[in-house]
1. If I go through the range B:242-270 residue by residue, how many of them are in a helix (DSSP H, G or I), surrounded by fewer than 17 Cβ atoms within 10 Å (Cβ to Cβ) and away from every other protein chain (no Cβ under 14 Å)?
2. Which of the residues spanning the range C:101-122 are more than 8 Å from chain B (Cβ to nearest Cβ) and closer than 26 Å to C:Leu49 by Cβ?
3. Just one of (1) in a helix (DSSP H, G or I); (2) in contact (Cβ under 8 Å) with a residue 60 or more places away in the chain; (3) over 30 Å from A:Asp177 (Cβ atoms) trips up A:Ile28, so point out which.
4. Do we have any residue at all in the range C:39-50 that's over 19 Å from C:Ile215 (Cα atoms) and in contact with a helix residue (DSSP H, G or I) (Cβ under 8 Å, 6 or more places away or on another chain)?
5. Kindly evaluate A:Gly185 against the criterion of being over 30 Å from B:Ser32 (Cβ atoms), of a type outside the set (Val, Ile, Thr), more than 14 Å from chain B (Cβ to nearest Cβ) and assigned to a helix (DSSP H, G or I).
6. Which members of the range C:192-224 meet the condition of being surrounded by fewer than 21 Cβ atoms within 10 Å (Cβ to Cβ) and more than 19 Å from C:Phe169 (Cβ to Cβ)?
7. Just wondering, is there one or more residues in the range B:17-38 that are in contact with a Pro (Cβ under 9 Å, 6 or more places away or on another chain) and either under 18 Å from B:Ser198 (Cα atoms) or not in a loop (DSSP other than H, G, I, E, B) (or both)?
8. Within the range A:45-164, considering only helices (runs of 4 or more DSSP H) that don't extend past its boundaries, which have at least 2 residues that are in contact with an Asp or Glu (Cβ under 8 Å, 6 or more places away or on another chain) and more than 14 Å from every other protein chain (Cβ to nearest Cβ)?
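The values are calculated or read from the model by the stated rules, or taken from the named source; none is laboratory data. Please read all numbers here as calculations on a predicted model, not as lab measurements. All Cβ positions, glycine included, derive from the backbone under ideal geometry; neighbour counts span all protein chains shown.
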Amino acid sequence: MNIIPQLIINSIIAGAIYSLVALGFNLIYGATKFFNLAHGVMATVGGYAVFVLSKVLGFHIGVSVILGVLCAGFVGYGLDKIVYLPLRKKRASNMILLVASLGVFTALEAIIAILFTSQFRTLAQHIGTQRIYEVGSAIITQTQVIILIASLVLMAILGFVLKKTMFGKAVKAVSDDEEVAKIIGINTNKIIGYVFFIGSAIAGLAGILIGFDTGIEPVMGLRLLLKGVIASIIGGVGNIYGGVAGSFLLGLVENFGIWKISAEWKDAIAFVVLIIFLLFRPKGIFQK
Amino acid sequence: MEYIIHLAILFVLYAILGVSLNLVVGYTGLLSVTHAAFYGIGAYATALLSTLFEVPFLISVLIGIVVAGFFSFLMGMVLSRFRGDYYALASLGFNVIMYSIFLNWASVTRGPLGIAGIAKPEIGGVLFSSNLLFLLLAAICLVGIYGISRFMVSSSFGRVLKAIREDETVITIFGYRTLDYKLVVFVISASMAAVAGSLFASYISFIDPSTFTVMESIFILAIIILGGLANIKGSMVGALFLILVPELLRFVGLPNDIAGYMRQFLYGIILIVLMLYRPQGLIGEYKL
Amino acid sequence: MAILKTNKLTKHFEGVHAVDGLSLNIEKATIVAIVGPNGSGKTTLVNILTGMIPYDSGTVIVSDTTHRLKKIKPYTMYSYGLTRTFQEVRLFDQMSVRDNILVVLTKRKVIQSFFETQKSDYTKAANKILQKVGIWEKRNELAKNLSYGQRKLLEIARALVTQAEIFLFDEPFAGLFPEMRKMVSHIVAGLKRKGKTVILIEHDMDVVRELSDYIYVMDSGRLLATGTPREVLSNKEVREAYLGT
């Protein structure tokens, strides 16, 4: 059997998930210029919010997903207001913001583990009954089709919002130069707050989709974050379209990398890619 | 009494890790999030050499130092080209790769099963079998590492490290090859962490990869940030504090696994609060 | 004898020629002023000469050592006797005033600096220079706690202790009080007396007229005029384009 079509499909699914994480990460990096290491936990928050809503409280699955996404968004927004905004007001260095986000990540992961134990859980409704499509010699599940469609639609919407709306222009102004944006009358802290909301909500969606595809666990955030960050660096940090391209490239390398060696080495492969890029292309594939 | 000795041993181990990490983070200003990797290398060196070849403890410590030195040299060659957030990220990546190796190179490390039956240290016919004797041995190591660190930071070398932290470009145009300095301090710091690893392995007599995660690196970082950057005594204070406080949680009667996460939560909160209100830590001499 | 020469030095950023075919010939033991409006490429020139940014083409010759295409490494320029200050003062902020001086006095090699603890002759030299610029009382303060003028003086002191042959001072007088200006101009004149070469980037034409032996006027990365202060300041083109009179 030819394995290559399956590897390509797996790569694309992984790329779609990573690009959701990378999108939010780059949006936030663009506006604030620090590596938000707590970004991955937003995916965990989204995943567990849906878990509670649909499996514990019995909400309809669609409603749960929408509320779960909003929940991740609000957590991100709240963190900006409680932690990052006060630090920005004190003109704290990027390193302080980075360490603070490390603290947020550490604490949130612990809270989730305390509330839900470290057990692996799935969000899927009827395990083993989902529809499977065959594409040549490869298969793709219904969930994975949804993942693909959802992330493509989301990227299109986000691209439109950033390009065409006043809000998008304000985000661009803040990303280009926060001081100048302030001078021309943009309420930068408000915009950055929204950016945290949107970025975190998108990450939350990524966590939820993973929950339907495979499952969620408290420690999933770090790995997702790292993949998103690596994808961003491949594509050029702060460049949201570059991040998407980087995500699919990372997905390809990872999945083809484990063709000949065992799947446990996925993370190590991703980091080897990162280090190669840092050494030879620190500003990503698109920049000189 | 045994319990207090146990805590004292833990304190000594983390003091070694903290003091050595402070050389890189506090003095040189490089936010390294990979210290647990070298801790792990030392631990695995002693564990493997003692269980497979019955190599004496001191020799295994030396081999651990050499192996950690070798790996840190390679990593340092890459890392020394970066500063700031990219350094933090790339170093974190190395921790993930190293953890991956501990976990997945099962033919050597036995993967998640870990290595049991590691012998207690025996030096010159003296078997350090009781915890009190072991504490003595560990304390001697700490004193040695403390002394070396003090010597380093009070020499011209240490002053150059601080200048690199403050403005690397400027100290370069005054004729210093900063890459060499960054590399040397990184290798020394990693070698010291390996000593802590060797001690840990022979003390607990069982190790598995879960001790050497990115989270452990964050714990060590929390210790030195709490105690104060660029202050060696501060790292000892930080280690003391962060060893003792989680122990209080035990007295509240929390189950063991939850206590572990409570500790993680606490470390995260400490990092956030410090960044917000006291980024220089308790007695630090450098603000990020 | 020329101690520093550049030949057709060129550097452009995204299409803008910051330095455009610049040829300088700087004699030993002189004070040379480089003047020009903001954005005329003065600081870019200094950054190239200290190896902080690469250049596109041309050559730089320092003390008979030729550097071609992008070969300058920041730490090598120090060994050719070049040192500088910055337009926006760059100190080691979270280090003491004295450590700011000591750090440029000590051995450069890692191994040597490792086994070098407090050396009394270094401390003596540091104290001496701090007294000279009048901030000895502040020796144990952190550099970031100094006033603007004191920071400027500390940066100059840091350059002075290096025993360099060529000093690149990027606007050393800007923002200083009169008595501090006097001190700095005294220091600059003293360097020349000791046979050192000073390259002065300066806006203040009074200072330039008073101190310099030779002036290069830069505009858009090129030389607009060169000559002695008398020649340059009477040059009609210069007066119109730059001095506005």
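1. Of the residues in that region, 6 qualify.
2. Of everything in the range C:101-122, those that are more than 8 Å from chain B (Cβ to nearest Cβ) and closer than 26 Å to C:Leu49 by Cβ turn out to be C:Ile101, C:Leu105, C:Lys109.
3. Only one criterion in (1) in a helix (DSSP H, G or I); (2) in contact (Cβ under 8 Å) with a residue 60 or more places away in the chain; (3) over 30 Å from A:Asp177 (Cβ atoms) is unmet by A:Ile28, namely (3).
4. Scanning the range C:39-50 turns up at least one residue that is over 19 Å from C:Ile215 (Cα atoms) and in contact with a helix residue (DSSP H, G or I) (Cβ under 8 Å, 6 or more places away or on another chain).
5. In short, no.
6. Selection gives C:Asp219, C:Ser220, C:Arg222, C:Leu223, C:Leu224.
7. First pass over the range B:17-38, keeping only residues in contact with a Pro (Cβ under 9 Å, 6 or more places away or on another chain): none.
No; the residues of the range B:17-38 include none that is in contact with a Pro (Cβ under 9 Å, 6 or more places away or on another chain) and either under 18 Å from B:Ser198 (Cα atoms) or not in a loop (DSSP other than H, G, I, E, B) (or both).
8. Because the criterion is at least 2 residues that are in contact with an Asp or Glu (Cβ under 8 Å, 6 or more places away or on another chain) and more than 14 Å from every other protein chain (Cβ to nearest Cβ), the helices (runs of 4 or more DSSP H) in the range A:45-164 that meet it are A:142-164.
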